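Undergrad: So that we are looking at the same thing, I have put the structure below in structure tokens.
Values quoted throughout were computed directly from the atomic coordinates according to the rules given, and no laboratory measurement underlies them. Computed from a predicted structure; not experimentally measured. A quick note on method: Cβ atoms are made from the backbone with ideal geometry, for glycine too, and the neighbour counts reach across all protein chains shown.
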Amino acid sequence: MNIEIINIPKITDPRGNLAVIEKDNIPYAIKRVYYLYDVPSDAYRGGHAHKDQIELLIALSGSFEVVLDDGTVKKKVMLNKPDKGLLIPTGVWRELENFSSGAICLVLASDSFDESDYIRNYKDFKTYKGL
């Protein structure tokens, strides 16, 4: 599975840290930014894959787990540091779960919203992957 943890450059200062995301930090132009917050700890988000869109997920506050599935291999990644981002390529099913209290998930997407890019049914995802 071709996922990657991206180190987000940060400037450490006694007054607080500053993290910087610029065009050189990630391998695509950002076309949409959204965030998830106030997600109950027993709820999950995601439950889909993208045909064309690439996303970088960052835990701005708190923590959550991302379950990744390429159709044959499943992997779970804990996000809990605002200077680490999870780069999710196309064709990977994702589910976000186990949100801590106050968790905020920032998503930097390579494309604007397009419903036709989503695969929202796991059976359809397996077919899309040829499995």
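Undergrad: Just grab the label-to-label distance for Val77 and Tyr118, each label 7 Å out from Cα along the Cβ direction, in nm (one decimal).
TA: Here the modelled spin labels are 2.1 nm apart.
Undergrad: Among Ser63, Ser110, Ser100, which comes first, second and so on when ranked by fewest other beta-carbon atoms within 10 Å?
TA: Arranged by neighbour count, lowest to highest, Ser63, Ser110, Ser100 become Ser100, Ser63, Ser110.
Undergrad: Of Leu56, Leu18, Leu86, which is the most mobile in a GNM of the chain whose springs link Cα atoms less than 10 angstrom apart?
TA: Of Leu56, Leu18, Leu86, the Gaussian network model singles out Leu18 as fluctuating most.
Undergrad: Each residue of the range 73-84 in turn: what ³J(HN,Hα) in whole Hz from Karplus with 6.51, -1.76, 1.60 and θ = phi - 60°, glycine and Pro shown as x?
TA: Karplus values, whole Hz, x for Gly and Pro: 10, 10, 9, 10, 10, 8, 10, 8, 10, x, 10, 10.
Undergrad: Further, regarding this structure: Hey, what D do you get for the chain in µm²/s if you plug the Kirkwood alpha-carbon radius into Stokes-Einstein at 4 °C and 1.567 mPa s?
TA: Here the translational diffusion coefficient equals 85 µm²/s.
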